[in-house]
Every structure is written in C-alpha cells, then in structure tokens.
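Have a look at the structure below, then the notes.
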Amino acid sequence: MEPSDLLRNGMLQLAASTRVRDFVERAPVSRNVVHRFVPGARTDDAVRAASGLANRHRMSTIDYLGEDTTELRQAQHTRDAYLALIAALAEAGLTADGTAEASLKLSAVGQALPGDGDKISLEHARQICQAAANAGTTVTLDMEDHTTTDATLETLRELRRDFPNVGAVLQAYLHRTEADCADLAHEGSRVRLCKGAYKEPESVAYQSSGEIDKSYVRCLKVLMAGEGYPMIASHDPRLVEIAGALAAKNGRDPKSFEYQMLYGIRPEEQQRIADRGDQMRVYIPYGEEWYGYLMRRMAEKPGNLAFFLRGVATRG
C-alpha cells in the first residue's frame, strides 16, 4: 500500500473519532481555517457563497451537513433546513435555470431510523424534491457508505417517477459501480461520478489510489458513451483531462455534461474550466456538522491536510 493510501485510511478513521473531533472543535483557530471548505453554518452563508460563484459563471450544489440521523426530530429539522434553503435560493434568483441545486444525504433525513427509516427518508426527500421542482431546480442524492447503496438507488428510482431530473451519485472505488453506471447511463439521467470518501472493506471496494483511478476511468467511459448527463466530480488534473477527451470522442456538446469540484479546492482551476465555456458546478457544504465532512476531504487529498495544519500552526 502506498504512503498516500495509508494516510487516507488514517484520516478516515479520524473521521469517526469523537475524541479528535472534540479537540479540533475546541481549537480556537479551527473554524476560521475550516471556512475555506465550509462557508458557514447558516442558510444565508450558503446562499452568499452560491451567489458569489454564480457571478463568476460557476453553478453550485448545496449540502446541509449532517448524516446518520437517529432521531425523527433531527430528520425533520434537516428537511426543514433544505426547504428554507431552496426558498432562499429562489428568492436570490439562483434556481430558475438550475444555477443552484441541492445535494441530499438520505441518512440525514431519516434513512437510518429504525423500522420505517427508508419510508420516512423517501417522504422527506419527496418534499424537498417538490420544493426544488417548484423553484425550477432539482436535487442530487448523495451516496454514502456501501451498506446504503441499494436502498439509495431504490429511493432514486421512486423519486424519478415524479421528478425525473433527480441526480444520482456513484462512487468509483466500489467494485459494483461500473455496472451501476451502465444501468444509469440512459437518457435524462444525471449521474455524478466521484472516487468515494468512506472507509470500505476490500471485499467491496478498491483500496489503492491506482486501482480507484483505473475504475474511475472505466466508469467515466460508460457514462460518456451513454445517453445520460455525466457530472465529473474530481480535482485530479489527469482525470479532468481524460473526461474532456472522452467528451470530445463521443461528440458531446459542452451543455451535455459538467465538471464538479468542492468549495475551496482548486478554485483557480474551477474558474479556468468555467471561463473556457465548460460547465462547472461547485459543491457547497454548510452547517454545524462540519467535522466528518472535513476529515473526508483531508483523506481525499493530503494537500488539504497540509493546508489545515499550516493554518493551525500559523494562527494558533
């Protein structure tokens, strides 16, 4: 295993550590440094970030942070937060042409609740999708760890009966994903392809960065050759270049696919892609539950960890 893979696995373990979380949250500088990746805790913070990106010809998809909700009240709170977000985006004029959309984790709206979790999360997601449709935009269902993949795809199928533009997310590090890409690469199907950011066993997921990259390219070939709308979620310059080459090979119009990157990561490259006429969408997370999100971003790219540690060292 390469050193970068060892670091990635270590950071994913830290994402589940309450002790480390408590330390990071108490550090006086932490929240200031985190603002590079998370613009704030309030709806207004997310809308402000989306407006700034729109002014520079970048679209956005917005995630109210939180997952693995185990209380119905919290699931309802998350649903209400999304409804408020969509209303605020509409008021700011960011939804009519899909400039800003929502990204939703089903576990945040009740999927993990005992008993009727799948039913509850579907109903909450349906309400959010309806609000988005009324505002002229849509929702993408984020993918979580592999134990929820089938349930999430089943919810996707249910939602698409009424809201065909609901987006899917597939994770290239899972062995199953190339087949899932083939299933979802049909007309009208929006599919975000990312590498994956959860700690998964060898039985279901590739472990080395090289294997994950090869799987990403195989999956991307399927999506680009299909009739759907691929969303290339990667900061890797090599994969971005390959995506462009595959789009050209398959005769794709620039409006038939888009690139996606995370808020605060490679902003200059984001702008370069937008300025050349390709579609660029930025994933904006907001809210108080930023720790797990931050640790997974650190795991994805060691340079992100270096940035965070430099901030603590120089401002602490």
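The values are calculated or read from the model by the stated rules, or taken from the named source; none is laboratory data. These figures come from a predicted structure and were not determined experimentally. Note that we place each Cβ from the backbone using ideal geometry, even for glycine, and neighbour counts take in every protein chain shown. Note: accessible area is taken over every heavy atom of the protein model, side chains too, but ligands, DNA and RNA are not part of it. Shrake-Rupley method; radii C 1.70, N 1.55, O 1.52, S 1.80 Å.
Descriptive notes on the structure:
- Meets criteria (at pLDDT 95 or above, farther than 18 Å from residue 168 by Cα and open to solvent by 40 Å² or more (accessible area, probe 1.4 Å)) for residue 182: no
- Helices (runs of 4 or more DSSP H) fully within region 229-316 counting 1 or more residues that are modelled with pLDDT of 95 or more: 237-249, 267-275
- Residue, farthest from the chain's Cα centre (by Cα), within region 104-148, restricted to residues that are under 22 Å from residue 193 (Cα atoms), of a type in the set (S, T, N, Q) and open to solvent by less than 10 Å² (accessible area, probe 1.4 Å): 107
- Any hit, region 205-220, residues being open to solvent by less than 10 Å² (accessible area, probe 1.4 Å), without any contact (Cβ under 8 Å) to a residue 60 or more places away in the chain, assigned to a loop (DSSP other than H, G, I, E, B) and not basic (Lys, Arg): no
- Residues that are open to solvent by 30 Å² or more (accessible area, probe 1.4 Å) and either without any contact (Cβ under 8 Å) to a residue 60 or more places away in the chain or among the aromatic types (Phe, Trp, Tyr) (or both), drawn from region 270-285: 272, 276, 277, 278
- Residues that are assigned to a helix (DSSP H, G or I) and either under 17 Å from the mean Cα position of the chain (by Cα) or without any contact (Cβ under 8 Å) to a residue 40 or more places away in the chain (or both) within region 35-46 comprise just one, 46.
- Per-region count, region 149-178, residues open to solvent by 10 Å² or more (accessible area, probe 1.4 Å), under 19 Å from residue 102 (Cα atoms), touching a helix residue (DSSP H, G or I) at 6+ places or on another chain (Cβ under 9 Å) and part of a loop (DSSP other than H, G, I, E, B): 2
- Within region 87-131, the residues that satisfy the criterion of being assigned to a helix (DSSP H, G or I) and either in contact (Cβ under 8 Å) with a residue 60 or more places away in the chain or farther than 20 Å from residue 158 by Cβ (or both) are 87, 88, 89, 90, 91.
- In region 53-70, the residue that is farthest from residue 147 (Cα to Cα) out of those that are modelled with pLDDT under 95 and open to solvent by 70 Å² or more (accessible area, probe 1.4 Å) is 70.
- Total residues in region 189-203, condition part of a loop (DSSP other than H, G, I, E, B), without any contact (Cβ under 8 Å) to a residue 60 or more places away in the chain and more than 11 Å from the chain's Cα centre (by Cα): 5
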